[in-house]
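The values are calculated or read from the model by the stated rules, or taken from the named source; none is laboratory data. Since we're looking at a predicted model, the values are computed, not measured. With ideal geometry, Cβ positions are generated from the backbone for all residues, glycine too; neighbour counts draw on all protein chains shown. Ligands, DNA and RNA are stripped out before the accessible areas are found, and what is left, the full protein with its side chains, is counted by its heavy atoms. Shrake-Rupley method; radii C 1.70, N 1.55, O 1.52, S 1.80 Å.
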Amino acid sequence: MTRRLAKPSRKPAESGLVRLGLGTPWQCVLHLPLRYEDESRVTPIGDLTPGDHALTEGRLVHGEVRLRPRRQWIGKVRDEQGGELTVRLIHFSNAQLQALPVGSWLRVYGEVRGSLFGREMIHPRLRVSEPGAATRAGLTAVYPTVAGVAQPTLRRAVAAAFAKLDWADTLDEPTRRRLHVPPLREALARLHYPQTVPSADDPAWQRVRFDELLAQRLSLRLARRQRASRVAVSLAPPAADRLVAALRRALPFALTGAQQRAWQAIETDLARPQPMQRLLQGDVGSGKTIVAALACLRAVENGRQAALMAPTELLAEQHLAKFRQWLEPLGVRVAGLSGGQKKAERERLTAAVAAGEVDVVVGTHALFQKGVDFRALAVVVVDEQHRFGVAQRLSLAGKGEGVHSLMMSATPIPRTLAMSYYADLDVSVIDELPPGRSPIETRVIGNPRRDEVIAKLAQACGDGHQVYWVCPLVEESDVLQLKAATDAFEELRQRHPELRFGLVHGRMTAIDKATVMAAFQRHEVDWLVATTVIEVGVDVPNATWMVIEHSERLGLAQLHQLRGRVGRGPRQSYCVLLFEPGLSENARKRLEIIRNSTDGFEIARRDLELRGPGELLGKSQSGQPLLRFADPDRDHVLLEQAAQLAEAWIAGDNPAVSVHLDRWLGERQAFWRS
Ligand code: ADP
Ligand code: MG
């Protein structure tokens, strides 16, 4: 038997509260109920509605322990109108049963379920009482909790905090009147101790949401201001605008208007003696990489270094190849750093980086691990930054003291998100695709027609096109995903021995992946079978077909990213979404959205509707749910108002700023300020 060791210095209840993040009085009062229990009214058994939580009463007319299908106690409660309720206990003690003798009158509180045998409650709260006994007044809050922290403990903690706090309101009376919200103390009292259940748009909830949005906005704007107060090297165009101009001359294409506008904004930022903090947002295929290359060159022509960070090794390899092709002819020294490199190789490269013998370094997050020191780093580009999460972004920005940073993302950011999660960045948008692209035609096809699709692809390959065949995650498991891709690879190769097949998956070494990708790039491979490792950034303009097996398993953003691997050249491109019949409602909606739109903005907006912003931003990656109560999309009016107030407070050095942040973020401020 294992026994858990208790920390001797803390009372168990306390450590439970700390585990829940309720170490301070403000954290306690901002821990808001999930729902309420209404024990003020007794509902006759006959009127109980499945799904409701309700209080009812009646006489226990029968009780027995059954052993099958599992050990449980089943009781029958009957009220005076003859209504009958089944009560089921799965965990119980003998002492508990002895306190419930048949014949006693019970008050029963719980969630009503409809079962084959009538109404039922599983594990309700049971109390021996008498007919017509007085009920408790008001509603009882039920709090989110973790195992081991009981509701009464939470209620006590909240009540104690209520009594202890200094409630001076951070919003003055005119502001509250303008926003139609109550004082904070009143709002929280209403949510913790209501007489009637507050509706979702109750002014009390609005107050909480407003305050939360305000806190987030304040913290991001302060983080931004703090970074802006740092000194960075000003990277002005040199007198003879050497490298940037040379690359632009050497390119086989001219920048689109949108690319030029983005570059101008970046160029202006770089010339300032404060660090650039810009997000470059552009749909899949809009041509962000070349803009990043120009930013890197601006550093190099000023005698400094630049780094480009990509979220996957595959993408880093591809960027490295592209940067070599673009920059090396200009005499720029480019190197790649990845986690997969041999120790000696890595040491040689890091030494070269530290000595300033490398101008531009391309790699994965391995770039920013310990042991990598730059001699004169001036520009950092983070590609597909949404993959890195908010926390990583902020810590990265904190690391590069005085370094200009450019974040790039193909995930379109609706205005509301830009105003909340990205309030610390300037944003440039590339809202135009390079010319000569033909729109991708998307088809949603059931698996029974898979053979037809294979035949079509074989024909396309015969005509000199290249194709992708993606086998997505079967489960959260690399191994299974790998099997799906390997099986498809073998099957397809046997069916079409005349074609050249390639296979890439996440378990290959970086070098093997790069070798296959390079072969695909040189058209030595016609048909590339892959897992979702090719999701981001891969760029092979001659590829015109993208087939995604089990597309119903993927999210909208992923589907859009994968589809973006084709349609990069002048030829008509196709995307086929294969699905297993028997789609869930949500999966059907996703496939319909992706079929009907190729506009990343539209897709992101629909995605937001289907999933909520936390998921879109990779809440799990950032480690902290950044907003608990507010939803920037739903609460966009509040968000605008919070943004305005935050600006005014910061501009006026309002002392409320720090009071408000202490209340809402407490220790978490360190996270934002890192
Ligand atoms: P993304 O924004 O998705 O990262 P890329 O930077 O990979 O897009 O660019 C997609 C493709 O378009 C690349 O092959 C790139 O060389 C090409 N490209 C970029 N800008 C232009 C342009 N102005 N005209 C023509 N092709 C371009
Ligand atoms: Mg890209």
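See the values below:
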{"quantity": "Hz values of 3J(HN,Hα) by residue in region 416-429 - Karplus curve (6.51, -1.76, 1.60), Gly and Pro given as x", "calculated": "4, 6, 4, 6, 9, 5, 10, 5, 8, 10, 8, 10, 10, 10"}
{"quantity": "Debye log10 I(q)/I(0) at q = 0.07, 0.09, 0.12 Å⁻¹ for the chain, Cα point scatterers", "calculated": "-0.63, -0.95, -1.28"}
{"quantity": "Accessible area of the chain divided out per residue, in Å², using a probe of 1.4 angstrom", "calculated": "46 Å²"}
{"quantity": "Shape category assigned to region 41-135 from the gyration tensor of Cα positions, a/c cut at 1.5", "calculated": "oblate"}
{"quantity": "Segments 452-459, 636-643, 245-252 sorted - mean Cβ within 10 Å per residue, highest first", "calculated": "636-643, 452-459, 245-252"}
{"quantity": "Counting DSSP beta bridges with both ends in the chain, the antiparallel % (nearest 5)", "calculated": "35 percent"}
{"quantity": "Under 13 Å from Lys589, Cα to Cα: aspartates and glutamates that are on another chain or at least 8 residues apart", "calculated": "Glu552, Asp607, Glu609"}
{"quantity": "Sulfur and carbon atoms: percent of accessible area, the chain [1.4 Å]", "calculated": "51 percent"}
{"quantity": "Neighbour cut-off at most 16 other Cβ (10 Å), DSSP loop, GluC sites (Glu not before Pro), region 501-602", "calculated": "Glu524"}
{"quantity": "Dipole axis of the chain (+1 Lys, Arg; -1 Asp, Glu on Cβ), positive-most option in Pro237, Trp545, Thr515", "calculated": "Thr515"}
{"quantity": "Per-peptide average of other Cβ atoms within 10 Å, ordering 318-326, 214-222 highest first", "calculated": "214-222, 318-326"}
{"quantity": "For the chain, calculated [θ]222 nm from helices alone, where every DSSP H run of n ≥ 4 adds -39500 (n - 2.57)", "calculated": "-12000 deg cm²/dmol"}
{"quantity": "Which listed pairs, of Lys322/Lys456; Lys483/Lys513; Lys288/Lys513, have C-alpha distances above 20 Å, in listed order", "calculated": "Lys322/Lys456; Lys288/Lys513"}
{"quantity": "Cα gyration tensor shape of region 440-597, rounded if a/c is under 1.5, else prolate or oblate by comparing a/b with b/c", "calculated": "rounded"}
{"quantity": "Simple Cβ-charge dipole of the chain, Lys/Arg +1 and Asp/Glu -1, about Cα centre, in debye nearest 20", "calculated": "1520 debye"}
{"quantity": "Signed unit charges on C-beta, dipole axis of the chain, positive-most listed residue Leu377, Gln494, Gly285", "calculated": "Leu377"}
